[in-house]
1. Any idea of V81's accessible area? Nearest 10 Å², probe 1.4 Å.
2. Under the 0.36 nm per residue contour assumption, what length would be gained going from the current alpha-carbon distance of E336 and R239 to full extension?
3. Once ligands and nucleic acids are excluded and a 1.4 Å probe is used, how much of R203 is accessible, expressed in Å² to the nearest 10?
4. If you count, for each residue, the other Cβ atoms within 10 Å and average over each peptide, how do 159-169, 124-134 line up from highest to lowest?
5. Pull out a ≥ b ≥ c, the square roots of the eigenvalues of the alpha-carbon gyration tensor of the range 77-122, then state rounded if a/c is under 1.5, prolate if not and a/b is larger than b/c, and oblate in the remaining case.
6. Given a Förster distance of 41 Å, report the FRET efficiency between K454 and S257 from their Cβ-Cβ distance, rounded to the nearest 0.05.
7. Given R₀ = 22 Å, what would the calculated FRET efficiency be for V111 paired with T312, taking r from the Cβ atoms and rounding to 0.05?
8. Between rounded, prolate and oblate, where does the range 63-158 land on the alpha carbon gyration tensor, with a ≥ b ≥ c its root eigenvalues, rounded for a/c under 1.5, else prolate if a/b exceeds b/c?
Amino acid sequence: MDHAVSLLIATLLVIWLWLVMFRRRERAGKRSIAILVLGDIGRSPRMMYHAESFATHDFETYLIGYRGSRPIPSLLEIPHVRFMYLTELPKTFKRLPFLLLAPLKVLQQIVSIFWKIFMSLPHPPEFIMVQNPPSIPTLAIVWIVCKITGSKLIIDWHNLGYSILALRLRDNHILVKIAKIFEKTFGRTAHIHLFVTKAMRDRLVREWDLQGIKVVLHDRPPAHFHRASAFETHDLLIRMRASFSSRSLTSFLPEFSPPESTPFTHIDLKSPSSSQSFLQNSDPVFSSTINSPNPELREDRPALLVSSTSWTPDEDFGMLLKALSLYEKRAKAVNEQRKVGSDGDVVPKPLPKLVMIVTGKGPLREKYMAEVMNLEKEESWQWVRCRSLWLEAVDYPLLLGSADLGICLHSSSSALDLPMKVVDMFGCGLPVCALDFKCLSELVRHNENGLVFKSAVELAEQMETLLTGFPHPPKLGKLRESLVRKSRRVGRTKQADEWEWCSWAENWDDVLYPLISYG
């Protein structure tokens with residue numbers, strides 16, 4: 001027994017001495033930051049944008065998180081961004097009940113994160129940035145690491161972890177109460193607190209007495225997000241043609257023949273010179289070339305709607321299904337009335353067919369897509385189709401830039417965060433219908449840059465209003481005009497209209513860089 005105690009004391013002493021030496025290791029001449037994402041790095045756009053901004057300002061940048069989706073291409077091109085992937089529990093453990101799986105997962109995360117920071121980094125980073133949520137165990141780990149290494153902690157508050165846990169359990173559950181105390185205790189004393197909304201900053205400052213610098217860094221789209229040209233849309237849809245090849249879609253969509261046409265675009269090959277140029281430069285998998293004739297949007301195309309979701313309980317996808325069902329019934333009625341209307345009748349303007357594309361991965365995807373297929377059959381949908389796709393980071397903004405209308409179902413577990421998907425849509429010139437919640441007005445302004453709804457009935461009415469007269473709908477066109485990005489910078493100290501847009505890089509340079517430029 002004495003030998004065991006002596007061995008334990010000796011082991012702890014060695015660990016303590018090693019940690020002291022780690023702290024005293026001289027930092028490299030280049031400034032450095034470790035960015036911790038307790039999730040799939042490739043599905044954490046805001047943290048990838050942070051990494052790109054730090055690296056652009058010559059920080060040695062270590063991005064720590066889980067392997068999964070491919071990161072944004074621009075990040076992969078920067079030589080001093082290092083990806084450090086955490087290990088995961090074996091898949092067999094995921095079959096365990098939540099109350100057993102959760103502590104095992106937390107323990108594994110603690111070991112993996114400490115190993116990456118203390119064993120894999122060549123020196124203690126000047127800053128450690130952590131995404132919150134998840135809060136457990138990351139906030140405690142980075143708090144301890146910063147105490148040991150002297151690194152300065154930056155917390156990027158996306159939402160509140162305990163409020164997300166409450167969706168799985170209940171507000172008064174003991175684990176939710178513990179999670180709230182944990183988050184408050186270890187989240188109070190960061191060097192810099194970043195918030196995605198003013199509402200979140202004001203509430204946490206008031207209720208949690210946060211210490212350190214507290215600033216709002218609203219999400220903004222990267223500079224390369226833009227409204228897609230017909231050429232870009234055509235190229236994207238040719239590459240996505242397999243997604244439109246099912247019998248239920250080919251019978252629904254206008255006829256198309258790749259590479260000359262897609263359900264939404266076509267190339268006019270009537271000109272002999274254009275036809276010859278196109279045929280010389282095309283292959284079975286269409287590739288954009290500078291000599292090819294310019295594609296055009298088809299007048300008979302369906303409306304293309306897009307929604308991005310993580311397929312989790314904080315987004316009520318059932319609301320969208322009900323709205324699509326209501327639109328189907330209304331489109332049938334309107335277009336039937338147009339057929340039988342007499343000379344004395346007021347003939348309503350046509351409503352188009354619509355294709356709803358839902359992007360993203362998550363636990364409820366299979367459940368809801370099964371409901372979609374049932375609705376299409378049971379209600380004999382003739383005017384609506386809904387499909388789920390997964391897109392790589394390079395294609396996602398092209399789809400948004402090619403769509404006619406975006407739908408956002410984000411409701412926020414805390415009512416204090418804003419949906420980044422809407423930011424992406426606005427960056428691509430895509431008007432949005434968004435589910436209303438407390439602080440949404442910091443991003444979406446009703447009848448100015450989008451529409452806000454509270455029910456499936458309202459959403460269906462808004463889709464009808466905006467798509468009436470398609471492919472040249474006047475009301476949708478006015479919303480799109482408001483989204484033309486203005487190229488002026490909005491400084492942190494300027495009394496400027498928050499709706500004036502700048503890129504992520506410009507916003508980051510205005511808000512965060514002055515706080516870290518001198519260490």
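The values are calculated or read from the model by the stated rules, or taken from the named source; none is laboratory data. A quick note: this is a predicted structure, and the numbers were derived from the prediction, not measured. As a convention, Cβ positions derive from the backbone with ideal geometry for all residues, glycine included, and neighbour counts pool all protein chains shown. Note: areas computed on protein heavy atoms with side chains; ligands, DNA, RNA excluded. Shrake-Rupley method; radii C 1.70, N 1.55, O 1.52, S 1.80 Å.
1. 10 Å²
2. 31.4 nm
3. Rounded to the nearest 10, the figure is 60 Å².
4. Answer by packing, highest mean first, reads 124-134, 159-169.
5. Taking the square roots of the gyration eigenvalues as a ≥ b ≥ c, the range 77-122 is prolate.
6. Plugging the Cβ-Cβ distance into 1/(1 + (r/R0)^6) gives 0.40.
7. E between V111 and T312, to the nearest 0.05, is 0.25.
8. It is oblate, given that a/c is not under 1.5 and a/b is not larger than b/c.
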